Amino acid sequence: MTVTQYLADWRPYPFEVTQTRLEFDLAPRTTRVRSQIGFRRKDTGDLVLDGAGLKTLSLAIDGRSLDLGLIRADQEKLVIPAADLPESFTFEAEVEIDPEANTALEGLYLSGGIFCTQCEAEGFRHITWYPDRPDVMAPFHVTIRSDKPVLLSNGNPMSNTTKEAVWHDPWPKPAYLFALVAGDLVAISDSFTTMSGRKVALNVWVRPGDQDRAGYAMESLIRSMKWDEEAYGREYDLDVFNIVAVDDFNMGAMENKGLNIFNSKLVLASAETATDGDYERIEGVIGHEYFHNWTGNRITCRDWFQLCLKEGLTVFRDQQFTSDMRSAAVKRIHDVQTLRARQFREDAGPLAHPPCPDHYQEINNFYTATVYEKGAEVIGMLKRLVGEAGYRKALDLYFDRHDGQACTIEDWITVFEDATGRDLTRFKRWYTDAGTPRLSLSEEWRDGTLTLNFRQETVPTPGQPDKPPRVIPIALGLIGPNGDEVLPTTMLEMTWAEQSFRFDGLGARPVVSLLRGFSAPVTVSREITADEQALLLAHDTDPYARWQAGHDLALDALIARATGVTDGAEFRHAIGGLLADAESDPAFAALCLWLPGEEEIATTIATRGLTPDPDAIHAAREALARDIASAHEQALARLYDAMDNPGPYRPDAEGGARRSLRLACLGLLSRIDAGKRAGTLFGAASNMTERQGALECLIATGKDGDALVAFAQEFGSNRLVMDKWFMVQPLRTAPGLAVARARELAAPPDFDWKNPNRFRALIGGLTGNHAAFHAADGSGYGFVVDWLMRLDPVNPQTTARMCSAFETWTRYDAGRQAHARAALSRLAAMPGLSRNTAEMVTRILA
Ligand code: 0A1
Ligand code: ZN
């Protein structure tokens with residue numbers, strides 16, 4: 001049944017829940033859940049509870065049995081008429097559920113013998129009858145009975161005997177933050193003393209044997225706790241903080257109160273098994289989930305339309321954390337790259353929606369780049385507009401005013417208005433309007449005066465034809481022709497569709513360093529010569545703007561080649577200057593040396609109103625990489641050797657920068673040395689960063705046979721490392737061969753496709769190989785849809801998320817479009833298609 005939920009229909013729940021008591025008797029096929037829920041009436045209305053897939057054994061109010069006929073199974077509701085209810089009462093239920101059969105990984109399920117839960121967004125209704133909505137908050141008291149040695153739930157432990165554990169969480173919380181874990185687990189343990197002197201016990205729980213790979217997660221947790229105290233004045237509020245790693249998980253991790261559950265790939269790391277990128281993600285996600293304790297748990301969302309209240313803010317906070325722990329400049333550039341690759345793409349296609357949507361069919365389809373990453377960008381803009389002190393004041397007020405509440409974006413904006421005295425009415429459009437504004441700049445230069453004429457425009461998105469102008473903070477600086485900065489960073493505030501700004505008294509015409517720090521999530525269109533871009537690349541004082549200048553030069557060169565115009569000599573030349581100075585800032589040099597990806601090139605071509613040709617794009621990128629390698633072979637080879645990292649591996653920003661530059665050089669050089677250096681490095685590398693980097697080069701050059709066998713022999717028993725093996729092959733194999741290779745890899749028995757990490761590795765690896773996925777014969781589309789059809793009955797959430805690979809299908813030529821439409825229509829017509837996937841396919845095909 002397809003039901004659309006509308007924000008306009010939200011009504012307060014007519015009852016308060018005073019206390020939630022749960023008792024679990026765990027068994028793989030028949031888990032018993034007994035609940036006692038205290039209700040107190042707040043308003044008129046029936047008692048409506050949510051429940052899905054429950055075998056209900058009994059229901060009662062204040063000990064009086066209820067007729068099971070009150071269950072409306074088709075609507076997944078239990079409705080108890082108001083007339084049968086006193087002012088205050090205890091509702092009791094006993095239900096039976098089947099964790100072993102739960103392959104959707106929503107509610108209570110088994111992952112490799114470990115009982116665990118995932119309740120966001122609406123998983124709790126798969127556990128028992130409850131008002132499963134985020135604005136109903138209650139303290140939880142949980143008893144778990146099981147043979148498993150470790151029994152965990154939210155809050156503080158009350159008692160723990162063999163076979164029974166009791167947990168009490170005093171902080172009122174919505175059901176989506178409930179968690180339970182029972183398994184044969186071991187912990188690495190530590191403690192943290194909070195700023196007010198309370199000692200908190202910390203545990204990272206993993207399978208026996210994995211302890212030696214859990215240390216970095218623990219260090220990251222301690223750094224997160226300290227950082228939140230220093231940066232936001234937020235202290236942890238329970239006696240224990242538990243993290244559990246499980247192998248089967250639909251997302252990255254989950255912020256359940258005091259009991260975070262993580263996808264094991266975001267916990268386990270050692271030099272031999274994890275890359276620099278893995279370490280950085282572990283630190284960032286541990287931080288993210290921990291920061292949710294205040295932004296999400298203590299202050300939660302009133303309804304799921306407000307999801308970005310907790311997610312946008314928590315992403316913003318985890319980005320600040322990573323900037324402080326590592327390099328702020330590199331972090332900003334990475335975040336911009338991710339935003340463009342995922343969110344701009346979403347915003348430009350059929351799945352576009354605002355950070356605060358006003359309707360949905362399946363909320364699980366809205367854990368998107370727009371809600372998360374754009375939600376964070378919007379907060380970055382707010383901070384730029386009100387300044388550091390204003391932001392701090394607003395956040396203090398937010399925590400003071402709303403602690404313990406379920407809030408809205410409206411509340412959030414009001415806090416900023418009250419704290420700073422600014423009227424943010426127009427700013428709110430960033431939350432309610434979809435689409436990426438296009439900012440155009442034209443310049444006039446006369447008698448020492450530079451006039452900048454800006455225009456903003458946002459094209460219509462599904463359901464939103466009119467796009468009024470937004471408030472756009474534009475940070476800019478001016479660079480004189482000799483490379484000196486003649487105007488330091490200045491913040492302009494654009495509020496109208498067209499607006500001009502004048503700069504007087506300039507000696508010579510400067511070059512505008514625009515959108516410094518990526519001050520707003522917009523695309524930019526401006527007249528700028530390759531020489532001016534090269535000047536910015538050489539002299540801009542803002543690292544983001546400097547990188548962007550080089551990146552634009554590269555993109556222009558690539559697009560010129562892909563569309564058969566010129567050969568991008570300026571970029572090749574600029575690379576020379578960059579290489580000469582690379583050792584002074586290896587991270588920056590590496591960022592510039594990684595050429596824009598094929599997907600980004602296609603997006604840019606489409607934005608310019610042309611039809612991208614995936615094969616031509618691939619060929620152009622390969623040719624430019626080869627040209628650069630030939631033109632700068634000596635400098636690249638010298639740098640490659642110089643960036644060797646003797647000594648033990650350390651997953652810090654400095655070492656990571658050197659390895660990243662080393663691998664960027666290797667990537668270019670292996671285009672002309674037939675994979676020679678990559679082969680040597682693969683054999684010699686002592687860490688996974690270089691191992692995997694070398695392997696990817698070998699695959700791309702078709703020289704991978706021995707290396708892949710050796711890799712599988714060495715790591716065959718490590719699931720997470722083998723996920724890499726499954727991912728890099730479809731991702732890096734030459735486009736003409738990649739679909740066939742993916743098909744071979746998908747054969748039994750090693751392709752454990754019911755595990756979301758493994759499915760995403762192989763199928764996601766192929767969708768990340770632009771020219772292979774968009775193969776002209778439709779084989780990429782067909783292969784992916786075959787697998788989505790297989791996964792949907794087993795795991796609708798992961799299937800639906802992966803449909804977004806198709807969100808760009810209309811920008812390609814008629815032949816490819818016909819293949820994509822046929823594949824998607826096949827999926828749409830599958831009998832019994834899940835509500836999750838049905839919504840995605842319908843929107844993509846609309
Ligand atoms: N709230 C988590 C992410 C998350 C969302 C949904 C899930 O299941 C549908 C699971 C996890 C976070 O932001 O980390
Ligand atoms: Zn989150």
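None of the figures in this text is laboratory data; all of them are computed from the coordinates on show. Because the structure is a prediction, the values reported are computed rather than measured. FYI the Cβ positions are ideal-geometry reconstructions off the backbone, even for glycines, and counts take in every protein chain you see.
With a Förster radius of 22 Å applied to the C-beta separation of Thr541 and Leu506, the computed FRET efficiency comes to 0.80.
Straight Cα distances below 29 angstrom link Lys393 to the lysines Lys173, Lys199, Lys226, Lys257, Lys310, Lys331, Lys374, Lys383, Lys428, with same-chain residues fewer than 8 positions distant left out.
Shown for Leu579, Leu845: other C-beta atoms within 10 Å of each C-beta, ranked fewest to most, produce the order Leu845, Leu579. Under the convention that each Lys and Arg Cβ holds +1 and each Asp and Glu Cβ holds -1, the size of the dipole of the chain around its Cα centre is about 620 debye. Farthest towards the positive end of the charge dipole of the chain, among the residues Val285, Ala771, Ala534, is the Cα of Ala771, using unit charges on the Cβ of Lys, Arg, Asp and Glu.
Distance from the Cα centre of region 121-141 to that of region 692-749, in angstrom? Their Cα centres are 42 Å away from one another.
When each of the peptides 808-815, 663-670 is scored by the mean number of other C-beta atoms lying within 10 Å of its residues, the order from highest to lowest reads 663-670, 808-815.
For Leu47, the residues whose modelled amide H falls within less than 5 Å of its own, excluding neighbours fewer than 5 places apart on the same chain, are Ile80, Ala82.
Placing +1 on the Cβ of every Lys and Arg and -1 on the Cβ of every Asp and Glu, with no other charges, gives region 560-648 a dipole of roughly 200 debye about its Cα centre. Taking θ as phi - 60° and the Karplus parameters 6.51, -1.76 and 1.60, the scalar couplings of region 488-493 work out to x, 3, 10, 9, 9, 10 Hz in sequence order, x denoting glycine and proline.
Within straight cross-link reach of Lys724, meaning Cα distance under 12 Å, which aspartates and glutamates are found once same-chain residues fewer than 8 apart are removed? Within reach: Asp278, Glu696.
Each stretch of four or more DSSP H residues adds -39500 (n - 2.57); spread over every residue of the chain, this sum gives -12000 deg cm²/dmol at 222 nm.
Legend: ranking of residues Val186, Val386, Val841 from fewest to most surrounding C-beta atoms inside 10 Å; resulting order Val186, Val386, Val841. Using Cβ point charges alone (K and R +1, D and E -1), the dipole size of region 16-132 about the Cα centre works out to roughly 180 debye. By the count of neighbouring beta-carbon atoms within 10 Å, fewest first, Thr604, Thr414 end up ordered Thr414, Thr604. Of all DSSP-defined beta bridges confined to the chain, some 80% are antiparallel rather than parallel. Of all lysines in the structure, those lying under 19 Å Cα to Cα from Lys676, and not within fewer than 8 positions of it along the same chain, are Lys703. Given R0 = 25 Å, the distance between the Cβ atoms of Val524 and Ala619 translates into a calculated FRET efficiency of 0.35. What whole number of Å gives the distance from the Cα centroid of region 157-188 to the Cα centroid of region 583-651? Measuring centre to centre over Cα atoms gives 48 Å.
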